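Report on the structure given below.
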Amino acid sequence: MIEHLPDRLDLFATAEAGRILRGRIAVADLQRVLPELLSDTGELLVELDLGKAPDGSRFLSGRIQGEIELKCQRCMEGMKLPLDLAFCLGLVQSQEAANDLPDCYEPLVLTAEPASIADVVSDEVLLALPIVPLHSGSIECQKFVNDYNPPISEQRENPFAVLAELKQKQ
Ligand SMILES: [Zn+2]
């Protein structure tokens, strides 16, 4: 076990040698996930097991644990999402090789080595995000919606109200 996560790693060669790596990655480094997040603070614990299966296929299995903060699309407030993701990727160097992988692997086509660990982790986290983040009926979320009164300016600018006015004038 190597208690360090490099920024970049030659995944295919490391799988050939066989290595287990563990470390923390800052949420702020997950560039592909950041647009989905309300906050970029915190860290995720990442464990990567790279090796070669008896059939010769190289794999990257791993686990990602931690917490991220999304924006609830009902009340627009922060919503913590605990993560505990396990994944198993088959490392291939072409799309044709991906088709030959055993079904237990999701293919990861290596287009450039060394690969960015943050990008690999980002892609797994993106797969785990809800399509529409919503508090799961939490009291906090409902209360916010029930108490919500749009400001006067917003009421005036309601496009449907403007449309209704226009129709009346015609
Ligand atoms: Zn909410």
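The values are calculated or read from the model by the stated rules, or taken from the named source; none is laboratory data. Note that the structure is predicted; figures quoted are calculated from it, not measured. Reconstructed Cβ throughout: ideal geometry from the backbone, glycine too, with neighbour counts over all protein chains shown.
Listing for the model above:
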item	result
Residue count for the range 55-81, restricted to those that are more than 16 Å from the ligand (Cβ to nearest atom) and either closer than 21 Å to V121 by Cβ or in contact (Cβ under 8 Å) with a residue 24 or more places away in the chain (or both)	12
Count - residues of the range 117-137 that are of a type in the set (S, T, Y) and surrounded by 15 or more Cβ atoms within 10 Å (Cβ to Cβ)	1
Test: residue in the range 156-169 that is away from the ligand (no atom under 16 Å from the Cβ), modelled with pLDDT under 95 and part of a strand (DSSP E or B)	no
Any hit, the range 117-127, residues being at pLDDT 95 or above and touching an Asp or Glu at 6+ places or on another chain (Cβ under 7 Å)	yes
Within the range 36-54, considering residues that are closer than 22 Å to A17 by Cα and aliphatic (A, V, I, L, M), the one nearest to the ligand (Cβ to nearest atom)	V46
Qualifying residue in the range 128-136 (condition: within 16 Å of the ligand (Cβ to nearest atom), of a type outside the set (A, V, I, L, M) and modelled with pLDDT under 85)	yes
Filtered residues of the range 59-88 (kept if at positive phi and surrounded by fewer than 17 Cβ atoms within 10 Å (Cβ to Cβ))	M76
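Conditions (1) under 18 Å from the mean Cα position of the chain (by Cα); (2) exposed (fewer than 15 other Cβ atoms within 10 Å of the Cβ); (3) among the polar types (S, T, N, Q); (4) on the phi > 0 side of the Ramachandran plot, marked per residue:
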residue: L11; (1), (2), (3), (4): no, no, no, no
residue: T14; (1), (2), (3), (4): no, no, yes, no
residue: L21; (1), (2), (3), (4): no, no, no, no
residue: V27; (1), (2), (3), (4): yes, no, no, no
residue: L30; (1), (2), (3), (4): yes, no, no, no
residue: L38; (1), (2), (3), (4): yes, no, no, no
residue: T41; (1), (2), (3), (4): yes, yes, yes, no
